[in-house]
Amino acid sequence: MKNKNIWLSLLQTFMKVGLFTFGGGYAMIALIDSECVDKKEWITSDELMDVTAIAESTPGPIAINCATYVGYKQAGFWGSLIATFGIVFPSFMIMYIVSMFLDHFLEISIIASAFKGIKVAVGILILSAGIKMLQKMIRQMKKQGKKLPLVFMVCGFLVMLIIDIFTLDFSTFYLILIAGALGFLLFRKGGAIKKRGAIHNDLS
C-alpha cells in the first residue's frame, strides 16, 4: 500500500509538472523545486542542484533526468519509471495534438496572443529558477567557506557571454567537459591535501 501511495504521488506530481509548465527543462526546474523540494521534501536543494548539473551534462532533457532521479530515490526502478512517464506523457500528448493543428492554431488571434504571453512567462520562469539556484549555491558556498565554485560560475558565465556576443563556433558541450575536468582535478587535489593533513595531525 505504501508503494502504491508513493507511485500515485509521483505520477500526480510529475504529470502536473509536465502539463502546466511551458518552456522546456529549465522552466520546469522552478516547478520541480517547488513540488519536490519545498512541498514534498523528496530531495534537498543541494541534491536538486547536483542532479541538474548532472542532467545538463548527460544525454536527455534536464527535467526528465531530474524526474527519473527523484522517482528512483523515492521508489526504486518503478518509481523512476512512473515519474518519467508522468512528466513525459502530458507534454507528448499536447505536442501531438498541437502538431496536427498548428497552422490552424496560429491563425486564431486569441491563441496567437496567448503564445506571445507564454513566451514572456517562460523567460521569467527560467530567470526565476536560475536566480533561486544561484542564491542557494552562494549560501552553500558561504556556509562551507568555499570560493572556487563561484570562480567557476563567473568564468563560465563570461565565456558563454563572449561566445554569444562574438557568435563564436564553440559548442557548450566542450565547455561542460572542460569545466568537469578542471573541477575533478582541482577538487580531487584539494581533497587529497586535506586527507594528508588529517593523517599528519593524527600521527602527531
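The values are calculated or read from the model by the stated rules, or taken from the named source; none is laboratory data. What you are looking at is a predicted structure, and each value in this text was computed from that prediction instead of being measured. Because the Cβ atoms are built from the backbone with ideal geometry, glycine has one as well, and the counts that use them run over all protein chains shown.
Just to be sure I understand, how many residues within region 36-53 are farther than 17 Å from Thr13 by Cβ and either surrounded by fewer than 13 Cβ atoms within 10 Å (Cβ to Cβ) or charged (D, E, K, R) (or both)?
Residues flagged as farther than 17 Å from Thr13 by Cβ and either surrounded by fewer than 13 Cβ atoms within 10 Å (Cβ to Cβ) or charged (D, E, K, R) (or both) within region 36-53 amount to 2.
Against the definition (basic (Lys, Arg), in a helix (DSSP H, G or I) and modelled with pLDDT of 90 or more), how does Lys4 come out, yes or no?
So Lys4 fails the test.
Quick one: which helices (runs of 4 or more DSSP H) lie wholly within region 11-130 and hold at least 2 residues that are at pLDDT 90 or above and under 30 Å from Leu175 (Cα atoms)?
Answer list for region 11-130: 62-107.
Ile32 fails exactly one of the following numbered conditions: (1) in contact with a Leu (Cβ under 8 Å, 6 or more places away or on another chain); (2) more than 17 Å from Met133 (Cα to Cα); (3) not hydroxyl-bearing (Ser, Thr, Tyr). What is the number of that condition?
(2)
Just checking, does region 84-95 include any residue being surrounded by fewer than 16 Cβ atoms within 10 Å (Cβ to Cβ), hydroxyl-bearing (Ser, Thr, Tyr) and either over 26 Å from Lys142 (Cα atoms) or assigned by TED's automatic domain parsing to the domain that holds Ser128 (or both)?
Within region 84-95 (the criterion being surrounded by fewer than 16 Cβ atoms within 10 Å (Cβ to Cβ), hydroxyl-bearing (Ser, Thr, Tyr) and either over 26 Å from Lys142 (Cα atoms) or assigned by TED's automatic domain parsing to the domain that holds Ser128 (or both)), the answer is no, since none of the residues qualifies.
Examine region 87-97 for a residue that is under 22 Å from the mean Cα position of the chain (by Cα) and closer than 18 Å to Thr52 by Cα, and state whether such a residue exists.
Within region 87-97 (the criterion being under 22 Å from the mean Cα position of the chain (by Cα) and closer than 18 Å to Thr52 by Cα), the answer is yes, since at least one residue qualifies.
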